[in-house]
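Below is one structure, written out as structure tokens, with a few remarks after it.
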Amino acid sequence: MTLELRGLTAGYGGNPVVHGVDLAVREGEIVALVGANGGGKSTLVKAISGLVAPQAGDILFDGQPIGRLAPRERVQLGIVHVPEGRQVFAGLSIAENLRLGAWARRSQGTRAIEGRMREIAGRFPVLLERLGEPAGTLSGGQQQMLAIARGLMTDPRLLLLDEPSLGLAPLLVVEIFRLIEALRARGIAVLLAEQNARMSLAIADRGYVIETGRVALQGTGRELLARRDIAERYLGVGKAVGAQSAARVEQLATRLAGVLARD
């Protein structure tokens, strides 16, 4: 088990937002957190990365408690948080943004970091071609790719992705999700917090539905997609468009998975 949460409660100023959450992520697994905006997904991710202090419960990484570690120490363990809104440094070049992503690995030396940068940028051709340009000149989708690439510079074992598809055009969303699926093939564990439940569950090994800071449901991605109550509440199907059956949702999941798997 790469990550395990046991009864995690966390929030702001003594006011809990996440209540008693149990959750697990295994090596090389995509786990989706789905739910309405304001349900606690981002707070949960921030508690794992150390940006929000836990109020109760345990956060275990490789079986060891990390709830009292600073964010920097968690990065050094291999936990990387790609926050909502991309948050790239617009005035710095793409290469400089990537080098900042390797700050925790700076002891490896300049040559190793430069080699790592070329390797990571090579997975994103648009970044490799424009390494010297300001990050602010990139489109929204390209900035999201840069944010993920910056996170990969630390060679993470667990990648926390918070709303990576937010504000992107549909074609770019598919591209981002195809990239996320490729990370699993490299053995990286991914915890994906997303409002786009349809897409995230289509590629997820397992999923958790978060409502008002609590786990309301959990199961495989395909199981959750096939549930009518999930379809009606989060996928825009079911009663909202004429009571489509669970079989229809299953067909949709299969089609989406096929799109994401194509090269």
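The values are calculated or read from the model by the stated rules, or taken from the named source; none is laboratory data. The structure displayed is predicted, hence computed values, not measured ones. No Cβ is skipped: glycine too gets one built from the backbone with ideal geometry, and neighbour counts run over all protein chains shown. Accessible surface is based on the protein model in full, side chains and every heavy atom, while ligands, DNA and RNA are left aside. Shrake-Rupley method; radii C 1.70, N 1.55, O 1.52, S 1.80 Å.
Name the residue from Gly7, Gln76, Val18 whose Cα lies farthest towards the positive end of the charge dipole of the chain, charges +1 on Cβ of Lys and Arg and -1 on Cβ of Asp and Glu.
Gln76
Restricting to Cα pairs below 8 Å that are 6+ residues apart, what does the relative contact order work out to for region 68-157? Please round to a whole percent. Don't jump to the answer; show the numbers that get you there.
Values: 105 pairs, mean separation 42.5, N = 90.
RCO, region 68-157: 47 percent.
Round to a whole number: what % of the accessible area of region 3-134 belongs to carbon and sulfur, probe 1.4 Å? The partial results should precede the final answer.
On the way: 3150 of 6390 Å².
Carbon-and-sulfur percentage of accessible area, whole number: 49.
Would you please put 112-122, 153-163 in order of how densely packed they are, using the mean number of other Cβ atoms within 10 angstrom per residue and starting with the highest?
The most tightly packed comes first, giving 153-163, 112-122.
Ignoring ligands, DNA and RNA, what accessible area per residue does the chain give at 1.4 Å, in Å²?
Numbers: 11850 Å² over 263 residues.
Ligands and nucleic acids excluded, the result is 45 Å² per residue.
Would you tally the net charge around Asp22, using a Cβ to Cβ cut-off of less than 9 Å, leaving Asp22 out, and scoring K and R as +1, D and E as -1?
Working: positive: Arg6; negative: Glu4.
Overall, the nearby charge balance is 0.
Using the per-residue mean of other Cβ atoms lying within 10 Å as a proxy for protection, in what order, highest first, do the peptides 171-183, 219-231 fall? Intermediate results must be reported in sequence, preceding the final value.
Details: 171-183: 17.2, 219-231: 20.2.
Ranked by mean Cβ neighbours within 10 Å, highest first: 219-231, 171-183.
Full extension from Thr9 to Asp58: what is 0.36 nm times the residue separation minus their Cα-Cα distance, to one decimal in nm?
Working: separation 49, 0.36 × 49 = 17.64 nm, distance 0.88 nm.
Fully extending the segment from Thr9 to Asp58 adds 16.8 nm.
Provide the packing ranking of 90-101, 11-22, 69-80, 138-149, i.e. peptides ordered by the mean count of other C-beta atoms within 10 Å per residue, highest first. Before the final figure, lay out the partial values.
Details: 90-101: 18.8, 11-22: 15.2, 69-80: 17.0, 138-149: 20.9.
Listed from highest to lowest mean packing, they are 138-149, 90-101, 69-80, 11-22.
Tally Lys and Arg at +1 and Asp and Glu at -1 over the other residues with C-beta under 13 Å from the C-beta of Leu160: what net charge comes out?
Values: positive: Lys41, Lys46, Arg74, Arg157; negative: Glu84, Asp162, Glu163, Glu194.
Taking every Cβ under 13 Å from that of Leu160, the sum is 0.
Return an integer: the convex hull volume of the alpha-carbon atoms of region 106-236, in Å³ per residue. Mind showing how you got there, number by number?
Working: hull volume 17.2 nm³, N = 131.
Taking only Cα atoms, region 106-236 has a hull volume of 131 Å³ per residue.
With θ set to phi - 60° and the Karplus curve 6.51 cos²θ - 1.76 cosθ + 1.60, what are the ³J(HN,Hα) couplings of region 61-70 in order, to the nearest whole Hz, using x for Gly and Pro?
So the Karplus estimates, Gly and Pro as x, are 10, 6, x, 9, x, 10, x, 9, 7, 6 Hz.
Rounded to the nearest whole Å³, what is the per residue volume of the convex hull around the Cα atoms of region 74-143?
On the way: hull volume 6.6 nm³, N = 70.
For region 74-143, the hull spanned by Cα atoms encloses 94 Å³ per residue.
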